[in-house]
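The values are calculated or read from the model by the stated rules, or taken from the named source; none is laboratory data. Predicted model, so just to flag it, every value in this text is computed and none were measured. Neighbour counts are summed over all protein chains in view; Cβ atoms, including those assigned to glycine, are modelled from backbone coordinates with ideal geometry. We work out accessible area using only protein heavy atoms, side chains counted, and drop any ligands, DNA or RNA first. Shrake-Rupley method; radii C 1.70, N 1.55, O 1.52, S 1.80 Å.
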Amino acid sequence: MKKFLLSLAAAALLLPAQADEGMWLLPLIKEQRFAEMQALGLKLQDYDIYNPDSSSLKDAVVIFGGGCTGEIVSPEGLVFTNHHCGYGQIQQHSTLKHDYLTEGFWAASRDKELPNPGLTVTFIEKIEDVTDYVLAALAGNNDPDNVDFVSAKYLNELARKRVGEKYLSDHPAIAVEIKDFYGGNQYYMFTKKIYSDVRLVGAPPSSIDKFGADTDNWMWPRHTGDFAIFRVYADANGEPAPYSESNVPLRPKRWFKINIGGVQPNDFAMIMGFPGRTNKYYTSWEVAERRDIDNEIRISMRELRQQAMLEEMLADPAVRIQYASKYASSTNAYKNAIGSNWAIKKHDLEKVKLAEQEKLIAWSKKNCETAYPEALLTLEQIVSDRKDLRFRSWMLDEAIIRSIEFTKVPTKVDTLVEALKGRDKEEQQQQLAQLTTAYEAFADKNYSPVVDRKIAKIMLKEYRRLVPAGKQPAYFSVIDQQFKGNVDSFVDYLFEQSIFGSHDNFNKFLAKPTAKALENDLMLLFAHSVQQENKALTESLKGFDAGYAIAHRTYLKGLLNMYGNRANFPDANRTLRLTYGQVKGYDPRDAVTYAYQTTLDGVMEKEDPDNWEFVVPARLKELYANNDFGRYGLSNGKMPVDFCATTHTTGGNSGSPVMNANGELIGINFDRNWEGVGGDIQYLPDYQRSIIVDVRYVLFVIDKYAGAGYLLEEMELVQ
């Protein structure tokens with residue numbers, strides 16, 4: 001293993017063939033990528049980007065919430081991210097009277113900034129190579145089937161052990177984790193500082209931040225102002241603290257200067273963020289599995305659900321607010337799956353991976369290495385053996401669990417049932433109170449029984465059509481036995497008779513609770529049966545995990561050894577990465593060329609007042625008609641909106657800062673193009689583009705549209 005790590009370190013000193021590919025670890029930037037970044041135009045030194053001993057640009061990049069990126073843009077803790085990253089918080093503050101999703105929100109003063117319980121902003125304090133430490137700990141286990149080398153639980157226990165429980169106890173806002181890279185061939189530890197007082201400062205209306213909505217999602221050209229503004233608060237000492245009126249804006253180590261000079265074709269651009277998941281090291285069999293099972297099921301099931309959801313949203317403004325976030329989340333993954341399959345087929349990624357496997361087999365034969373071809377055989381067998389289970393699991397997840405909300409009714413009622421059978425009234429009341437809390441969490445303000453009933457009928461029919469009866473949750477036999485196979489009658493009966501079918505039903509039960517009512521409740525039994533089936537499928541699929549992890553680790557070790565003259569980036573895993581490239585358009589199809597920049601002209605060209613996706617607010621039209629763009633317009637009199645670059649991004653990079661050659665903020669990453677989604681498996685240089693809202697449009701909306709120019713006073717603008 002030490003010999004392998006030395007060869008990996010040597011490989012890191014050499015440059016790969018493709019310039020713009022990669023999501024690179026910051027500690028290795030100097031050795032792996034810095035010379036090439038400078039050749040493309042970077043004007044910084046490596047320590048300006050990442051400096052383990054002092055502040056650097058790294059310190060202005062944060063994890064926003066649980067799955068996005070943000071950037072600090074002022075010395076008073078102001079954070080830019082995407083509107084869709086803060087969507088849930090904006091939705092929670094919205095009502096029919098104050099619909100901040102539709103109308104936008106701008107805090108006129110600090111005391112008007114809105115708190116967001118549960119929202120966090122996380123800084124990366126330290127990144128350490130702990131490969132030797134982890135390998136030494138792993139050496140103590142001689143079980144050939146042990147997979148601690150990729151176990152998050154095991155690795156995080158090692159992280160806590162390394163820093164000590166006393167240190168963590170004395171610093172409650174500090175968290176540590178060890179992440180595996182290259183399938184468990186290398187390890188880094190990340191020390192994080194987590195702030196929990198994060199307040200909403202400003203957000204544009206949906207007609208700006210979601211302009212084009214689902215039609216334009218994953219598409220270029222784009223005309224979307226997808227941004228929102230939050231602020232991090234701390235205690236008087238600048239340390240993380242729960243929300244308190246006495247907290248003060250954070251004084252960060254570092255914040256971004258904002259460049260309003262604009263971008264030109266082929267300008268250097270780089271992005272830092274927390275990409276979630278890529279599959280660069282898929283085998284050919286996994287590519288086919290992704291295409292034929294994962295993506296196909298997601299596409300077909302979500303299409304049905306979303307159509308039903310949208311019909312109800314368009315018919316009722318209250319439902320639109322309730323389901324806005326759910327619908328946006330669903331369509332995002334849906335279009336990703338479509339784009340992924342398009343790329344897999346168009347670029348024949350199955351064949352690309354097969355060629356790489358054959359190359360490794362030939363290399364292994366030449367070098368008398370038997371382990372790598374054997375690992376490939378194991379991976380092929382595993383993918384084949386899990387096919388049926390994977391299909392059933394994906395169908396249950398997409399058609400039932402994610403689509404039918406009443407699968408989440410409270411099912412842990414055994415203690416309450418026993419209490420109702422007994423005579424202890426106090427215990428009964430305590431258990432009923434717990435059930436009430438669980439029910440209210442399920443049937444919250446964002447739940448509509450009408451919508452759920454409609455979707456349940458559609459999805460249950462499709463699920464039962466595609467999954468054989470003997471492989472469905474056991475309780476589904478009731479549909480045939482008691483309702484003669486009539487799904488509509490079954491679902492209607494659930495909502496009319498179940499304790500959880502409506503608030504009225506639940507209140508009637510509370511007025512006269514019985515154990516029998518709970519034990520025989522069809523909705524509860526349905527949900528429990530789905531959970532049991534999901535558990536059984538999950539456990540069955542877990543049976544393949546150890547063999548897969550061991551074979552995958554060996555396969556990656558073989559690839560890294562074979563490509564000894566290349567620098568290889570590890571798959572994304574929600575750790576801080578840097579990607580770089582150039583501002584550049586592309587040619588998606590024959591005789592079609594897309595430019596690198598869009599302007600407000602395109603917004604007006606797309607306007608359709610009868611289509612909610614393309615409504616343009618009156619104030620924006622007024623500014624456009626008067627050419628009132630302030631200092632943010634182009635030299636030709638147009639107003640920039642978005643641009644695209646060849647940077648390599650994926651989910652989790654939403655909200656990431658886009659920087660120029662001087663490390664100044666020029667935009668906020670918010671999407672990828674349709675044709676580049678396949679880059680999660682294989683980088684596509686002619687198609688891969690990150691879609692970025694131009695920071696000049698962000699400032700224009702803040703200043704000229706919203707009249708919130710006071711926010712710009714705390715930012716550092718340069719040109």
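Considering helices alone, the calculated mean residue ellipticity of the chain at 222 nm is -12500 deg cm²/dmol, with DSSP H runs of length four and up weighted by -39500 (n - 2.57) and normalised per residue. Less than 5 angstrom separates the built amide H of residue 125 from those of 191, 192, 193, all sequence-distant by 5 or more or on a different chain. Once the 1.4 Å probe is applied to the protein heavy atoms, the stretch 214-341 comes out at 36 Å² accessible per residue. For the stretch 314-450, the square roots of the Cα gyration tensor eigenvalues, ordered a ≥ b ≥ c, give a/c of at least 1.5 with a/b no greater than b/c, which places it in the oblate category.
For a straight C-alpha distance cut-off of 21 angstrom, the lysines reachable from residue 445 (same-chain residues fewer than eight places away being disregarded) are 97, 326, 408, 454, 508.
If you count the DSSP beta bridges with both ends in the chain, what percent of them are antiparallel, to the nearest 5? Looking only at bridges with both residues in the chain, the antiparallel portion is about 95 percent. Computed from the Kirkwood radius of its Cα pairs, the Stokes-Einstein diffusion coefficient for the stretch 532-668 at 20 °C and 1.002 mPa s stands at 105 µm²/s. Along the axis of the charge dipole computed for the chain (Cβ charges of +1 for Lys and Arg, -1 for Asp and Glu, origin at the Cα centre), the listed residues 60, 375, 176 are led at the positive end by 375. Protein heavy-atom accessible surface, 1.4 Å probe, per residue over the stretch 377-520: 53 Å². Assuming a ≥ b ≥ c are the square roots of the Cα gyration tensor eigenvalues, decide whether the stretch 387-531 counts as rounded (a/c under 1.5), prolate (otherwise, with a/b larger than b/c) or oblate. Since a/c reaches 1.5 and a/b is larger than b/c, the shape of the stretch 387-531 is classed as prolate. Only Lys, Arg, Asp and Glu carry charge here, each on its Cβ (+1 for the first two, -1 for the last two); on that basis the stretch 554-619 has a dipole of about 760 debye about its Cα centre.
When a 1.4 Å probe is rolled over the protein heavy atoms, the share of accessible surface on the chain that falls to carbon and sulfur comes to 49 percent. Values of log10 I(q)/I(0) for the stretch 58-112 across q = 0.16 Å⁻¹ run -0.59, by the Debye formula with one identical scatterer at each alpha carbon and no solvent. Working from Cα pairs under 8 Å separated by at least six residues, relative contact order for the stretch 124-226 is 28 percent.
Between 615, 600, 677, the Cα set farthest toward the positive side of the dipole of the stretch 573-719 (charges on each charged residue's Cβ, about the Cα centre) is that of 677. Each of 451, 295, 409 was placed along the dipole of the chain (beta-carbon charges, centred on the mean Cα), and the one lying farthest toward the positive end is 295. Going by a ≥ b ≥ c, the root eigenvalues of the Cα gyration tensor, does the stretch 409-487 fall in the rounded group (a/c under 1.5), the prolate group (a/b larger than b/c) or the oblate group? Oblate is the answer for the stretch 409-487, as a/c is 1.5 or above yet b/c matches or exceeds a/b. With a threshold of 31 Å on the Cα-Cα distance, the over-threshold entries among 126/257; 179/412; 412/471 are 179/412. Computed from phi, the 3J(HN,Hα) profile of the stretch 672-677 under the Karplus parametrisation 6.51, -1.76, 1.60 (θ = phi - 60°) reads 10, 7, 3, 6, x, 4 Hz, with x in place of Gly and Pro.
How large is the dipole of the stretch 89-173 about the Cα centre if only Lys and Arg carry +1 and Asp and Glu carry -1, each at its Cβ, rounded to the nearest 20 debye? Rounded to the nearest 20 debye, it is 340 debye. Put simply, when 114-123, 459-468 are sorted by average Cβ atoms within 10 angstrom per residue, most first, you get 114-123, 459-468. What the phi angles of the stretch 214-222 give under the Karplus curve with 6.51, -1.76 and 1.60, with θ = phi - 60°, is a coupling list of 6, 4, 8, 4, 6, 10, 9, x, 10 Hz, glycine and proline written as x.
Mind checking the log10 I(q)/I(0) for the stretch 221-307 at q = 0.12 Å⁻¹? Debye, one equal scatterer per Cα, no solvent, two decimals. After summing over all Cα pairs, the log10 values are -0.87. For the chain, 368, 644 stand unpaired, since no other cysteine beta carbon lies under 4.7 Å from theirs. Taking the three principal axes of the alpha carbon atoms in the chain, the coordinate ranges are 75, 73, 61 Å, sorted in descending order. Working from Cα pairs under 8 Å separated by at least six residues, relative contact order for the chain is 24 percent.
Basic side chains Lys and Arg get +1 at the Cβ, acidic Asp and Glu get -1 at the Cβ, and with that the dipole of the chain about its Cα centre reaches some 860 debye.
Using bins 5 angstrom wide from zero, how does P(r) for the stretch 357-421 break down, in % of all Cα pairs? Calculated P(r), rounded to whole percents: 3, 14, 12, 9, 9, 9, 9, 8, 7, 6, 5, 4, 2, 2, 0. Among 645-658, 59-72, sorting by the average number of other beta carbon atoms lying within 10 angstrom of each residue, highest first, gives 645-658, 59-72. A simple rule links phi to the HN-Hα coupling: the Karplus curve 6.51 cos²θ - 1.76 cosθ + 1.60 with θ = phi - 60°, which for the stretch 585-596 gives x, 7, 10, x, 8, 4, 6, 10, 10, 10, 6, 7 Hz, with x for Gly and Pro.
Scoring 265-274, 333-342, 143-152 by mean Cβ neighbours within 10 Å over their residues and listing the highest first yields 265-274, 333-342, 143-152.
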